[in-house]
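The structure under discussion appears below in the form of structure tokens.
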Amino acid sequence: MRKSLVLSGFLLAGFLTALPAPADAQPAVPAAPAAPAAPASPNDYSKDASWLCRPGRHDACDIDLTATVVAADGTLKREPFRAAANPPIDCFYVYPTISTDPGVNSDMTPDPAEANVIAQQFARFSQVCKVYAPVYRQITLAGLRRIMSGGLDALSTGQQFEDVRDAWRYYLEHDNKGRGVVLIGHSQGSYILTSLIARDIDGKPEQRRLVSAILMGTTVAVPAGKDVGGAFKSIPLCHKAADTGCLITFSTFRSNVPPPANTLFGRVDQPGMSAACTNPAALAGGAGALHSYLDTNGHLIVGTTAPKPWVSSVAAIDTPWVSVPGLLTAECKTNANASYLEVTVHADPADPRTDDIVGDLSAGPQVLANWGLHLVDVNLAMGNLLDIVAQQGKAFAAKK
């Protein structure tokens, strides 16, 4: 399979089964139903090996995050990265579907895929919080197709949920020490955290520790016209950066490729409910500039799509990350099919900077509009989220 067609996210199976078979392919054999798995032993989260990131270690979060800022006129500025020495809050992250292990659930041995997604989506948060990222036995890329016939509820009740819940409970008992915490997830990780919040945090004593929840690449239901009372009974949407105990959630789509009728994100079929959308670039509403951090060589959370040169006047950029101020803006929008975060690329063919970004899912030349910009949901708003979490951390400390 071409790298551009290797996808992430809990709805991968729906896409894979829709792909046309190559001309020389054998007839497709339906995937066998997943056999009931024997109950697995709980993970020991007291072991360092059960975590991708924990404070005070040289691990997946301790990496080179240096970026090159590419201005519209082609000027380049090197932006070094430094983790905070003593941040006031914690961040607890659950990664999306990226495991290439062959079973339905992954093992507990991290592979390059886990390290890559930490680099893409989470390591940079060490600038504003102490970082915790458990390894968990997630539904793998191979396993998704086998479980989809049973529905997405399997993501909230299986081994993957139990592992994350065990890691969360271990963190609360041994690491939290009354500190505020931001919960961060994407795709399968967001699905698991939505369930964890609803079961173990919303309306419970643990809610007082919640600085915010950032659930990306998913659909969170709220009553139409309101910001609380759907998936969560007492956790509202965030409306300004100083808000705490609130939710940020979105799925991104290009302005010129909005969600179609078969969109995978942003649609709620329950009467009276709609999908929540909070714009990290403008929490109060309206449009705002995205502060993105994109992989210089086009690596995504799964696979690689080589970008066009970031600036025509330079042969190559030698930092692992690129920021493109002014190129991208975002605004929450609603069309007939979904509520979503609309991303606009402000291309200027007259300047030397690139006029586009990568992140679409495609089958050959055809863009799969129903996925939106799922593979770069987090990258697109990374800088905005860092600014928000920094302000939330200060506000939470002031309230305490």
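The values are calculated or read from the model by the stated rules, or taken from the named source; none is laboratory data. None of these values were measured; they are calculated from a predicted model. Note that each Cβ is placed from the backbone with ideal geometry, even for glycine, and that neighbours are counted across all protein chains shown.
Checking Tyr340 against (1) closer than 30 Å to Leu141 by Cα; (2) among the hydroxyl-bearing types (Ser, Thr, Tyr); (3) assigned to a loop (DSSP other than H, G, I, E, B), which test does it fail?
(3)
Which one is surrounded by the fewest Cβ atoms within 10 Å (Cβ to Cβ) among residues in region 89-112 that are in contact with a Leu (Cβ under 9 Å, 6 or more places away or on another chain) and closer than 19 Å to Thr304 by Cβ? Outline the logic, then answer.
Kept after step one, since they are in contact with a Leu (Cβ under 9 Å, 6 or more places away or on another chain), are these residues of region 89-112: 91-95, 97-101, 104, 110.
Remaining after also requiring closer than 19 Å to Thr304 by Cβ: 95, 97-100.
Working: Tyr95: 29, Thr97: 28, Ile98: 29, Ser99: 27, Thr100: 14.
In this case the residue turns out to be Thr100.
Within region 317-361, restricting attention to residues that are of a type in the set (A, V, I, L, M) and surrounded by fewer than 15 Cβ atoms within 10 Å (Cβ to Cβ), which residue is farthest from Ala67 (Cα to Cα)?
Keep residues of region 317-361 that are of a type in the set (A, V, I, L, M), which gives 317, 322, 324, 327-328, 330, 336, 338, 341, 343, 345, 347, 350, 357-358, 361.
Going one step further and asking which of them are surrounded by fewer than 15 Cβ atoms within 10 Å (Cβ to Cβ), we end up with 336, 347, 350.
Details: Ala336: 38, Ala347: 21, Ala350: 24 Å.
Ranking the candidates gives Ala336 first.
Please work out which one of (1) in contact with a helix residue (DSSP H, G or I) (Cβ under 7 Å, 6 or more places away or on another chain); (2) crowded, with 24+ Cβ neighbours inside 10 Å is the condition Val257 fails and give its number.
In the conditions (1) in contact with a helix residue (DSSP H, G or I) (Cβ under 7 Å, 6 or more places away or on another chain); (2) crowded, with 24+ Cβ neighbours inside 10 Å, Val257 misses (2) alone.
Go through region 260-291 and report how many residues are crowded, with 18+ Cβ neighbours inside 10 Å, out of contact with any strand residue (DSSP E or B) (no Cβ under 6 Å at 6 or more places or on another chain) and of a type in the set (S, T, N, Q).
1
On the given criteria, is Asp227 charged (D, E, K, R) and modelled with pLDDT under 95?
Values: charged (D, E, K, R): yes; modelled with pLDDT under 95: yes.
Against the criterion (charged (D, E, K, R) and modelled with pLDDT under 95), Asp227 qualifies.
Does region 74-88 contain any residue that is touching a Leu at 6+ places or on another chain (Cβ under 6 Å), part of a loop (DSSP other than H, G, I, E, B) and closer than 19 Å to Ile184 by Cβ? Walk me through it before giving the result.
Applying the first criterion (touching a Leu at 6+ places or on another chain (Cβ under 6 Å)) to region 74-88 yields 81.
Now restrict to residues that are part of a loop (DSSP other than H, G, I, E, B): 81.
Filter again for closer than 19 Å to Ile184 by Cβ, leaving 81.
Within region 74-88, one or more residues are touching a Leu at 6+ places or on another chain (Cβ under 6 Å), part of a loop (DSSP other than H, G, I, E, B) and closer than 19 Å to Ile184 by Cβ.
Hey, can you tell me all the residues within region 330-353 that are more than 19 Å from Leu375 (Cα to Cα) and not acidic (Asp, Glu)?
If we filter region 330-353 for residues that are more than 19 Å from Leu375 (Cα to Cα), which is where we start, we get 333-337, 346-353.
Correct list: Lys333, Thr334, Asn335, Ala336, Asn337, His346, Ala347, Pro349, Ala350, Pro352, Arg353.
Among the numbered criteria (1) outside any loop (DSSP other than H, G, I, E, B); (2) under 25 Å from Leu155 (Cα atoms); (3) of a type in the set (D, E, K, R), which one does Arg267 miss?
(1)
Test each condition in (1) surrounded by 23 or more Cβ atoms within 10 Å (Cβ to Cβ); (2) modelled with pLDDT of 90 or more for Arg165 and report the one that comes out false.
Here Arg165 meets the rest and fails (1).
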